[in-house]
Amino acid sequence: MTDRPAHGARTAQPAAFDAAAAFRLAALLLVAALVLQPLLATLFGGFKDLGELRTNPFGLPDDWQWRNYWDILASHRLWQVLGNSMAIATLTVLLTLAVSSMAAFAFAHLQFFGMRYLLSYLLLGLLFPAATAILPLFIKVRDLGLLDKHWGVVLPQVAFGTAMSVLLLRNAFRQLPVELLDSALVDGCGYIRYFLYVTLPLSRPVMTTTAIIVFVASWNNFLLPLIMLDSDSKYPWPLGVMMYQGQYSSSWQLVLAFITLTILPAIALFLIAQRQIVAGLTAGAIKG
Amino acid sequence: MKAWKFVGAAMGAALLVSSAAKADVTIKVLHLQDSGPTLDLWNQIVKDYEAANPGQHVQLQFLENEALKAKLPTMLQSDDRPNLFHSWGGGVMRAQIKAGLAEDVTGWSGDLEKELSPGAASALTDQGKVYGAPFDVSEVSLFYNKALFAKAGVKAEDIKTWDDFLAALKKLKAAGITPIICGAGDKWPMHFYWSYLVLRAGGGNILAEAGAAKDGFKGPAFVEAGKRLKELADLNPFQDGYLGTNWNDSAGMWGDGKGAIQLMGNWIMTAQQTYAADKKGQASDNIGVLPFPTLPGGKGAANVTLGGVDGFLVSKDSPKETVQFLTYFLQPKYQQVAAAKGFYIPATLGTSDSIADPVIKQVASYIAGSSKHQLFFDQDLGPSVGRVVNDTSVAIAAGQVSPEDGAAAVQKAWDER
Amino acid sequence: MRMASEGGPSLANGPMWRSGLVTAAIMLPPALILFTVFVILPIGEAAWYSFFNWDGFGRPLHFVGLTNYLQLLGDSAFDHAVADNLLIIAVSLLIQLPLALGLALLLSRRQIGTAVFRLIFFLPYVLADVAAGLIWRFVFDGNYGPISSLAVALGAGPVFLLADPRWAFSAVLAVIVWKYFGFHMMLYIAGLQGIDRDLYEAAAIDGATARQRFRYVTLPQLAPMIRLSIFFSVIGSLQFFDMIVPLTGGGPLNSTNTMVSFLYYFGITRMRVGFGSAVGVVLFVICVTFAFGYRRLFMRND
């Protein structure tokens, strides 16, 4: 576009190109505006007072109400729900990685009678969501005495994440050169030591991908904590933000500030590690 | 779990021996009290109780009304269930008792029953056994904004019959005022209209009669109530978007003066402050209260009232201290404060003289003069039928279900209950 | 032969075979036990409980046969929920898919700003459904939301989209497209980048127009990704729940329930374990049938 003649007749070619490019840009900007508007309205809405939400729905706040945010930041509540989410997600990731990498290793390298059936059995977990059996699952968690405990959320999450994780990890483990395993076994290094000292260190990328997928799923999970947890002191943030909304429902400016603060960690992480997260979430979906 | 409990018990026992102190007890209370000033009083009671009873702790846990109703069924299944949980009595409570969720605390405390007015206390009993205690009594009435009535030239004292009521609504509407605020998104606020209309058409014993007869809920009183409700809704008296407004928001709107009337229990008096934009709401002297209008030719007089109690049920396997706390909580010393400050109408005897707020006083006099104080339909009819009554009331008002089909749906739920 | 290639030659020998068995015995049980206890057993129990009228206390004793299923069939709220699930699928296919594909075409080549646009479009997918639901509840709010304020400014009076049974679910569908199109767009971008450039060059040499190139090169090459995207749309619709609670709570008049939110509001919050389990079983059968059927019919070669 910069090499267009400064003056003189325009040829048809660049004009058509310009129109297409302009159309492309206009379409993209329009969609971007539609995507961002609710998010920006939420962010800035948290800085307004209730009256201004109505009189000034789209603009920047006239009078920045920093207090809305400061009060929430200074309160125990926000940190508690974020901390709970962190605890639940961390436990879920660690346990899922431990359990599924072991299983994936066995499925990748060991061939006994029935192993293929066992794998198919595990992969049944890919076919239906946790919601289908949520009531019996609730009864089970209750009978195990895990209601209103983080473990009551973590263990079902691990169980439902196992199928996808095992599949991802097994495929990756199998791509490691077979010669490595052969020579290791000949050298008298057992499977378990090979797993710990060769497979795991060499599989860091796929472990990271799996961890991201499991972490995001746990961080955003709503249904399981909704049903398993009772005390607000144990609520993860999706329950916390719902509860906050229930309490301050008419004070939208506070609710918007609270929403903004709870989604900020996810957005910040996404902006920092966008490449890995996009790749992880889409790749996870495709391969899973 | 069992093993850990055993270890815990053993450690507890060891502590007991070594320090000769009484084992700590924590009493968990699940409530839906959203009014700040009321909670201040309750927290004070807890503080005093803990100070007077070393080793005992009381935890108040708040859940907003709808969240509590949604959460309670799963919550009560937990080992760590609350020891005291909110109840309105009635069929919902009986279902909980039948499921073994509530503890029979008859005789646990000699003072508990003596503290309370006998009528109210009986609300949380079943077949002569005590399962908990109410802290207040309430009545559903028409609360109105005096200034808005004056602006539209509506005289409250002229509203006696259903036709008077509809005429007042038209007048308000003509004056550019939203006549009624209703949180129909939560459904139960709308069921108050249908319930009252059933009571006005069929009289105070209509629910008992309908339950005993075959197809009783399809009877004329129920169909008539649906028709009147539709007639009301056809005037478009509700605020815009009322089908999506939840109760908290509706209380706030009414407190903000965005509509003239709200048919609600007297808890609206504190809720309209809690949820108003300015946290103050309408001043008490701008609020008036009216009995629900009568239906021409109906069997129910104006002194047939709808309402109930708010109280706490004791959950299964709760320690004895639970009732000790409940008794302490309900003592006149504290409940007089609640009465004096207009938080609610306490169920505790010897508190009625303390009521200062004229509106609350008025409601209390309605209850005192009631020929029949019918419990909220959705609580009285039990969990499954109650939900259908709520759904049906909103569906009739929205014109989705005919009055006849609505009555039939309630009958079906009753038969399948 | 497989054994030799995957497990190493030494597996056939005695000591290694035993060490392999020991390894399997150590490494498999944790995953299998957790999976069995929290995934497979509950599904079996759901089938069992669905024949009972049970409030969750004690043991299920009140056998009612197929009553729960019959009630479900006659329940207009459930019919509505199923219809809503189908609507989600329809909108995913007819609106979201073309939108995502179109944007993917616009953003598949590296140009100035491409990365930023991709990032923006993917952003809603990163948010939790609960947060997205609450944000849009505000956007649609009749009293304080921007849409309503805009309508008032234009003289149309406040709009209460989520309170109107005729419009509430359309509003939910709009949020679904907003939230998920970016994810599908990324799938298509990944697919487009995998297409061999030579194919386009060959088509260009043959004198194909842009339209023809799209029709005869891009679409067929992208077909596996499109099939995958459709698969996700349907599975996503079948388990759609989180956003319903903050947006509408299934209302007004039960007009915005999905099957899972129906299960929540009519089964779980009322502790009707048998009835709720019947809903779960129906959902399970639909999911499994779809997953197997779809894979068999459309994704055999992918």
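A compact table of results
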item	result
Charge dipole of chain A about the Cα centre (unit charges at C-beta), most positive-ward option of A:Leu29, A:Leu43, A:Phe113	A:Phe113
From phi via Karplus (6.51, -1.76, 1.60), per-residue ³J(HN,Hα) for segment B:251-260 in Hz, x at Gly/Pro	4, x, 4, 5, x, 6, x, 8, x, 8
Packing-based exposure ordering (other Cβ within 10 Å, fewest first) of B:His86, A:His109	B:His86, A:His109
Residue mean of other protein chain beta carbons inside 10 Å, C:256-267	2
Centre separation in Å (Cα based) which lies between segment C:201-237 and segment B:198-214	67
Projected label distance in nm at C:Arg59 and B:Lys279, using a 7 Å step from Cα toward the beta-carbon	5.6
Inter-part distance where segment A:50-120 and segment C:49-116 are each reduced to a Cα centre, Å	23
Around C:Phe117: net Lys/Arg minus Asp/Glu count, Cβ-Cβ under 15 Å	+4
Filter on B:Lys160/B:Lys230; A:Lys140/B:Lys412; B:Lys71/B:Lys412; B:Lys71/B:Lys98 - keep pairs with C-alpha separation over 28 Å	A:Lys140/B:Lys412
In nm, spacing of pseudo-spin labels at A:Arg174 and A:Leu60 (7 Å Cα→C-beta vector)	5.6
Using a Förster distance of 45 Å, the FRET efficiency for A:Tyr117-B:Asp80 (Cβ separation, nearest 0.05)	0.65
Segments B:396-409, C:131-144 sorted - mean Cβ within 10 Å per residue, highest first	C:131-144, B:396-409
Nearest-20 debye value, the protein assembly as shown charge dipole, Cβ charges on Lys, Arg, Asp, Glu	2080
Order by protection proxy (mean Cβ within 10 Å, highest first), peptides C:115-128, C:270-283	C:270-283, C:115-128
Sites matching chymotrypsin sites (Phe, Trp or Tyr not before Pro) across segment A:57-103 that sit in DSSP coil, with at most 14 neighbouring C-beta atoms within 10 Å	A:Phe58, A:Trp64
Cut-off under 5 Å, modelled amide H: who pairs with C:Gly251 long-range	C:Thr256
Karplus 3J(HN,Hα) series, Hz, for segment C:256-269 with 6.51 cos²θ - 1.76 cosθ + 1.60 (x for Gly, Pro)	10, 7, 9, 4, 6, 6, 4, 4, 5, 6, 9, x, 6, 6
Only Lys, Arg (+1) and Asp, Glu (-1) charged, at Cβ; segment A:76-287 dipole about Cα centre in debye	160
Amide hydrogen neighbours beyond the local backbone of B:Gln374, cut-off 5 Å, H modeled	B:Thr305, B:Leu306, B:Gly307
Ranked by how many other beta carbons lie within 10 Å on average, peptides C:255-261, B:292-298 from highest	C:255-261, B:292-298
Charge dipole (chain B, unit charges on Cβ, about Cα centre) - positive-most of B:Val363, B:Phe292, B:Val58	B:Phe292
Peptide C:114-126, shielding by other chains (average Cβ, 10 Å cutoff)	5
Long-range amide H partners of B:Thr294 with built H, under 5 Å	B:Thr161, B:Trp162
Distance from segment B:45-112 to segment B:345-417 (C-alpha centre basis), Å	22
Aspartates and glutamates whose Cα lies under 17 Å from that of A:Lys149, excluding same-chain neighbours fewer than 8 positions away	A:Asp230, A:Asp232, B:Asp79, B:Asp80
Linear extension gain, A:Val186 paired with A:Arg275, 0.36 nm per residue minus alpha-carbon span	28.1 nm
Exercise: per-residue mean of other protein chain Cβ atoms within 10 Å, C:144-151	6
Neighbourhood net charge (14 Å Cβ-Cβ; Lys/Arg +1, Asp/Glu -1) for A:Gly246	-2
Per-residue HN-Hα couplings for segment B:335-341 [Karplus 6.51, -1.76, 1.60; θ = phi - 60°; Hz; x = Gly/Pro]	5, 5, 5, 4, 5, 5, 8
Antiparallel DSSP beta bridges within the protein assembly as shown, as percent of all bridges there, nearest 5	65
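Read-outs throughout are calculated quantities, based only on the coordinates presented, and are distinct from any laboratory measurement. Note that the structure is a prediction, hence the values are computed from the model and not measured. Reconstructed Cβ throughout: ideal geometry from the backbone, glycine too, with neighbour counts over all protein chains shown.
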